[in-house]
Amino acid sequence: MKCIIIDDEPLAIEILSGYCEKLDFLDLVNTYTNPLDAITEIKKKKIDLIFCDIEMPQINGIDFMGTLDNRPLFIFTTAYSQYAVDGFELNAVDYLVKPIPYHRFIKSVSRVQDLISKKQKPIMEANVFSSTGDSTVEKKFIFVKAEYESIKIDLDQIEYVQGLKDYLKIHIANTNKTILTLMSFKEIMSKLPSNQFLRVHKSYVVNVNYIKTVQRNRIVINDMRIPIGESHKEAFFSILGL
């Protein structure tokens, strides 16, 4: 999801930027201290989500939202709770009161993911036809490049993805097979459904359906013990409700 942050307080921008960087499915395009400077960016690029403060000297965040046609989804961030009703009347996704806890931030952006997923699903289904040609099915696979070919991989067969310098090693379930591809984690996370695949470490992405047990600092998938990185731990446990 492409997002921007609008807040007249640099410290608030720094905190939210740090939160965004921890989540692979968020692509922070830019930050602004003046909402009027963001208008061109919003019109020029496909922005999915705006984190917007309310009390700003140039223009009230709620008023700013009301000026936009075909506006992106909004999450308001503010120290003042009295604006919540006004925000929801404009169909804001959420309203976060500062200081914003990380687990509350995750819950909010997960709600945005669900909304975007439901909105995009008919488009995705229209591009993937069943073998009979008269109905549509949800996409259940990805293609990755390996050597001189593109390999089709069933999403449900991916146990976990392991980073090896510039390459990713994709481990396939119920086999000893692995697929080595020249790809970044950011690229592959954009292909994987976020409700099924989670980044748990700088070197690992796991399919939650294959997790046997979760320990304090690691995950067990079959006989493989995968570490949980400190920067991913809070998000991982929060998303799984642990």
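The values are calculated or read from the model by the stated rules, or taken from the named source; none is laboratory data. Quantities reported herein were computed from a predicted structural model and do not represent experimental measurements. Cβ sites come from the backbone with ideal geometry, for glycine too, and all protein chains shown count toward neighbours. To get the accessible areas, we keep the full protein, side chains included, count just its heavy atoms, and leave off ligands, DNA and RNA. Shrake-Rupley method; radii C 1.70, N 1.55, O 1.52, S 1.80 Å.
Conditions tested, residue by residue: (1) at pLDDT below 85; (2) among the charged types (D, E, K, R).
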| residue | (1), (2) |
| --- | --- |
| GLN82 | yes, no |
| VAL85 | yes, no |
| ALA92 | yes, no |
| LYS98 | no, yes |
| HIS103 | no, no |
| SER110 | no, no |
| MET124 | yes, no |
Checklist entry - Of these, SER238, SER231, which one is modelled with pLDDT under 90, part of a helix (DSSP H, G or I) and in contact with a His (Cβ under 7 Å, 6 or more places away or on another chain)? => result SER238
Item to check | Matching residues in the range 168-226 - criterion: being hydrophobic (A, V, I, L, M, F, W, C), within 29 Å of LEU28 (Cβ to Cβ) and open to solvent by 30 Å² or more (accessible area, probe 1.4 Å) | outcome: LEU182, VAL208, ILE211, VAL214
Checklist entry - What about GLU234, is it outside the structural domain of PHE105 (by the TED database), under 25 Å from TYR102 (Cα atoms) and acidic (Asp, Glu)? => result yes
Item to check | Cross-chain or 6+ apart pairs with Cβ under 7 Å, the range 186-210 first and of a type in the set (Phe, Trp, Tyr), then not in a strand (DSSP E or B) | outcome: TYR210/ALA173
Checklist entry - Quick one: in the range 53-79, which of the residues that are among the acidic types (Asp, Glu) and farther than 18 Å from VAL109 by Cβ is modelled with the lowest pLDDT? => result ASP69
